[in-house]
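What follows is a single structure, written as structure tokens, with notes after it.
The values are calculated or read from the model by the stated rules, or taken from the named source; none is laboratory data. Since the structure is predicted, the reported quantities are computational estimates derived from the model, not experimental observations. Glycine also receives a Cβ, built like all others from the backbone with ideal geometry; neighbour counts cover every protein chain displayed. Protein only, heavy atoms only, side chains kept; ligands, DNA and RNA dropped before computing areas. Shrake-Rupley method; radii C 1.70, N 1.55, O 1.52, S 1.80 Å.
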Amino acid sequence: MEVGLQGGGFVANGGAPAPAGILAVGDVQRTTNRSPAKSGLHVNFKEKGEVKEKREKFLTAKYGHHQMSLIRKRLAVEMWLYEELKKLYESTNNKIEDSVSNEEVEIDIDELLDMDSDEHRRRHLQNLLVNAKGSQNDVKSFINDLLEKAKTL
């Protein structure tokens with residue numbers, strides 16, 4: 001098979017020149033408007049109903065050194081508070097799950113900080129901790145420690 005250029009078109013097998021823009025190879029003809037390598041490419045667009053997995057977006061913020069230290073300090077106090085409440089409400093047979101599900105105490109540190117005086121805070125905490133399974137000394141010690149830690153925030 002011979003292919004050559006003659007007068008603006010391609011000649012296949014020594015025959016007449018093909019019209020401009022047509023490539024004749026054997027019995028197959030293609031237009032030269034597209035590259036032969038790209039002729040089989042196509043684009044598939046997904047319809048809105050076909051989106052299988054939606055990407056979750058998160059907003060992140062960059063805090064300064066001072067702000068991060070305040071956040072860490074607050075988190076440390078809240079973790080301490082959580083652990084101490086677990087100790088106070090732990091039942092005698094050490095079933096924390098039963099005692100936590102039966103007795104849920106929620107102490108809001110912001111609410112404590114908004115109160116006028118330490119005496120008002122102390123009374124509020126004593127009312128919240130009425131059903132604590134720990135001894136009264138443990139409860140008083142917890143309240144004093146919590147008030148001291150709250151002052152640092």
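Output the number of the condition that LEU153 fails; it satisfies all remaining conditions of (1) out of contact with any Leu (no Cβ under 8 Å at 6 or more places or on another chain); (2) in a loop (DSSP other than H, G, I, E, B); (3) closer than 17 Å to LYS73 by Cα; (4) not basic (Lys, Arg).
Only one criterion in (1) out of contact with any Leu (no Cβ under 8 Å at 6 or more places or on another chain); (2) in a loop (DSSP other than H, G, I, E, B); (3) closer than 17 Å to LYS73 by Cα; (4) not basic (Lys, Arg) is unmet by LEU153, namely (1).
A quick yes/no check of all residues on (1) without any contact (Cβ under 8 Å) to a residue 12 or more places away in the chain; (2) in contact with a helix residue (DSSP H, G or I) (Cβ under 6 Å, 6 or more places away or on another chain); (3) in a helix (DSSP H, G or I):
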position: ASP110; (1), (2), (3): yes, no, yes
position: GLU119; (1), (2), (3): yes, no, yes
position: GLY134; (1), (2), (3): no, yes, no
position: PHE142; (1), (2), (3): no, yes, yes
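Looking only at residues that are over 15 Å from GLU148 (Cα atoms) and open to solvent by less than 70 Å² (accessible area, probe 1.4 Å) in region 74-89, which one is modelled with the lowest pLDDT?
Looking at residues that are over 15 Å from GLU148 (Cα atoms) and open to solvent by less than 70 Å² (accessible area, probe 1.4 Å), I get TYR89.
How many residues, within region 98-153, are modelled with pLDDT under 85 and within 35 Å of the chain's Cα centre (by Cα)?
Looking only at that region, the number is 9.
Sort out which residues of region 127-139 are open to solvent by 80 Å² or more (accessible area, probe 1.4 Å) and over 16 Å from TRP80 (Cα atoms), and write them in order of number.
ASN127, VAL130, ASN131, LYS133, GLN136, ASN137, listed by residue number.
Considering only region 37-73, state which residues are surrounded by 10 or more Cβ atoms within 10 Å (Cβ to Cβ) and either at pLDDT below 80 or over 22 Å from the mean Cα position of the chain (by Cα) (or both).
SER39, SER69, LEU70, LYS73
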